[in-house]
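The values are calculated or read from the model by the stated rules, or taken from the named source; none is laboratory data. Nothing here was measured: the structure is a model prediction, and the numbers come from that model. Here Cβ is always computed from backbone atoms with ideal geometry, including for glycine, and neighbour counts include all displayed protein chains. Note: areas computed on protein heavy atoms with side chains; ligands, DNA, RNA excluded. Shrake-Rupley method; radii C 1.70, N 1.55, O 1.52, S 1.80 Å.
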Amino acid sequence: MCRTEGGGVMGLKTTAFGGDRLEKLRSNGAVAKRKMRIWIIRATTLVLLCTCLVQLTALGETWGPRVLKGWPSCFSRESAAAATLEVKSSPELPARVLPAKRVYKNNGYLMVSCNGGLNQMRAAICDMVAIARYLNVTLIVPELDKTSFWNDPSEFQDIFDVDHFISSLRDEVRILKELPPRVKRRVELGMRYTMPPVSWSDISYYQNQILPLIQKYKVVHLNRTDARLANNGQPLEIQRLRCRVNFSALRFTRQIEELGRKIINILRQNGQFMVLHLRYEMDMLAFSGCTHGCNKGEADELTTMRYAYPWWKEKIINSDLKRKDGLCPLTPEETALTLRALDIDRNIQIYIAAGEIYGGQRRMNGLAAAYPNLARKETLLKSSDLSSFQNHSSQMAALDYLVSLESDIFCPTYDGNMAKVVEGHRRYLGYKKTMLLDRRLLVNLIDQYKSGLLTWDEFSAAVKDTHAERMGSPTVRLVIPDKPKEEDYFYANPQECLQHLSDNEPQGGIQTSFPLNSGRNPGSQVMDVNTDSPSESFLDED
């Protein structure tokens, strides 16, 4: 009985002890599982957060909030320290500091359609930014010409770095890629005012005539923008802003910049090089009516083309008289004689910055015989390099523009838009050597030499003497009141923005330097025509 009870009691005690132990083990296992789940959730969340931070940081200025910028790797202290050291020790990746937005009460929106070739449109864009700034309006990214002789379908962002254009000027003017939705709907319903502004107008014209239209209609579209702002007599701030846009804000796309640099590097490997802007192309000859050196069939073809474009107003042209007046581009043969007379080294590399030369190889033979090291982008690059640029004349011209800026000598044979804008840009870069040919005198000297009235030595001496002071040295812009087309072009000699080396400064003086940030504090309120307090930032139609 006792054994049985004792055994029963002992058995009961043993069973109870085993049950408690089992319960504890089960409880500990559940706790461990819960802790494991928590750690898994924490680890997964950390990985997701780090991934998001990396993505946001990569988006940078567009999306990433400032608190994320400069964050190191989030995976380990060692990698974080290494990343921090890499950022500090890398001089190639400076932190980009955007100018503070200029705050002003927005008077409306300005849309512009540029006309002409690349450099004509480039100058127009600079003018329109200055006008938008002066009128306190929002500028819509300009539309480029697609209907001219070149028939180039390129958009603004295909040629220029549009994000840099917008952000680099944010302390001056608000620029949008397109109209805000509500305003856009109004424009689609025809609620805008379209007009071409008057050529060579003073900035007061835009204040007195254009601003009231913008305030009335909220959107004004200027459909022709070439040569619309006067060369001279503008406020100094206007002139400096035109320069800032031209030399800083209008940066070509990365693809164009890289390919242009590749051409320059290829040329530099073989020493110095000269860029010859040989404007002996079909469109220029047809437009100007210059047929010197052409056969009858070619002359007739050029005349037919001139009549085919109704906006080319001059139809009947005496080519000989125009040439003697210096209004024709030099022919390739005349160019070769000029370069030889100036003692340009026969072995120098000459890069031809131009489209297809009219008359082809027949007209280029004389120049090639005198200067055998002729090059073009088509001969320096592979066809695959230029494949995306084909049928995009403005993008091809952008490549020539970059090479022209970097050349040891730049020589245009006609004072068209590219010649003028490149001349001014090279002045800004330190008065780099630019041969400004006096065509009127040259054709007279060439004709005398060919007729035997001048020996070669006499011809060469006369050419050198004429051009001794025409090599891009500092000079003051020629001002002709009431004749803006005949005076010096602002973009060929933006003297208000240059490091001036000349003692012949006009009365009133010229600023001795021009910083790219325009030399003013961000958000400055100079030139505001709106007298309201700048408490509002633009219209509310975003």
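A few points about this structure:
- The listed residue being open to solvent by 40 Å² or more (accessible area, probe 1.4 Å) and of a type in the set (Gly, Ala, Ser), out of Ser154, Ser168, Ser204: Ser204
- Residue pairs meeting the criteria (Cβ under 7 Å; at least 6 apart or on separate chains; first in contact (Cβ under 8 Å) with a residue 12 or more places away in the chain and buried (at least 16 other Cβ atoms within 10 Å of the Cβ), in the range 354-378; second of a type in the set (Lys, Arg) and part of a helix (DSSP H, G or I)): Ile357/Arg363; Ala370/Arg340
- Considering only residues in the range 207-223 that are in contact (Cβ under 8 Å) with a residue 24 or more places away in the chain and either of a type in the set (Gly, Ala, Ser) or touching a Gly at 6+ places or on another chain (Cβ under 9 Å) (or both), the one that is most open to solvent (accessible area, probe 1.4 Å) turns out to be Gln215.
- All conditions but one from (1) of a type in the set (Ser, Thr, Tyr); (2) in contact with a helix residue (DSSP H, G or I) (Cβ under 6 Å, 6 or more places away or on another chain); (3) over 15 Å from Leu276 (Cα atoms) apply to Ser388; the one that does not is (2).
- Thr194 vs. criteria within 21 Å of the chain's Cα centre (by Cα) and β-branched (Val, Ile, Thr): no
- Among residues of the range 146-194, those that are among the hydroxyl-bearing types (Ser, Thr, Tyr) and in a loop (DSSP other than H, G, I, E, B), counted: 3
- Flag for Thr303 being touching an Asp or Glu at 6+ places or on another chain (Cβ under 9 Å) and either closer than 21 Å to Phe149 by Cα or at pLDDT below 95 (or both): no
- Gln448 being of a type outside the set (Gly, Ala, Ser) and either more than 22 Å from the chain's Cα centre (by Cα) or in a strand (DSSP E or B) (or both): yes
- Figure legend. Inter-residue proximity from the range 460-479: first residues part of a loop (DSSP other than H, G, I, E, B), second residues loosely packed, with under 13 Cβ neighbours inside 10 Å, beta-carbon distance below 6 Å, spacing 6+ or different chains. Indicated pairs: Pro474/Leu501; Val476/Asn504; Val476/Pro506.
- Qualifying residue in the range 368-376 (condition: under 21 Å from the mean Cα position of the chain (by Cα) and at pLDDT 95 or above): no
- Taking the listed residues Phe247, Phe273, the one that is of a type in the set (Phe, Trp, Tyr), at pLDDT 95 or above and surrounded by 19 or more Cβ atoms within 10 Å (Cβ to Cβ) is Phe273, with no other qualifying.
- Remark: Leu342 falls outside the filter, which requires a residue to be touching a residue at least 12 places away in the same chain (Cβ under 8 Å), touching a Phe, Trp or Tyr at 6+ places or on another chain (Cβ under 8 Å) and within 18 Å of Gly366 (Cβ to Cβ).
- 1 or more residues modelled with pLDDT of 95 or more and open to solvent by 20 Å² or more (accessible area, probe 1.4 Å): qualifying helices (runs of 4 or more DSSP H) within the range 381-434: 393-406, 417-428
The rows are residues; the columns are (1) open to solvent by less than 50 Å² (accessible area, probe 1.4 Å); (2) under 17 Å from Met435 (Cα atoms); (3) at pLDDT 90 or above; (4) among the small types (Gly, Ala, Ser).
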{"residue": "Thr466", "(1), (2), (3), (4)": "yes, yes, yes, no"}
{"residue": "Pro474", "(1), (2), (3), (4)": "yes, yes, yes, no"}
{"residue": "Asp482", "(1), (2), (3), (4)": "no, no, no, no"}
{"residue": "Glu487", "(1), (2), (3), (4)": "yes, no, yes, no"}
{"residue": "Asn521", "(1), (2), (3), (4)": "no, no, no, no"}
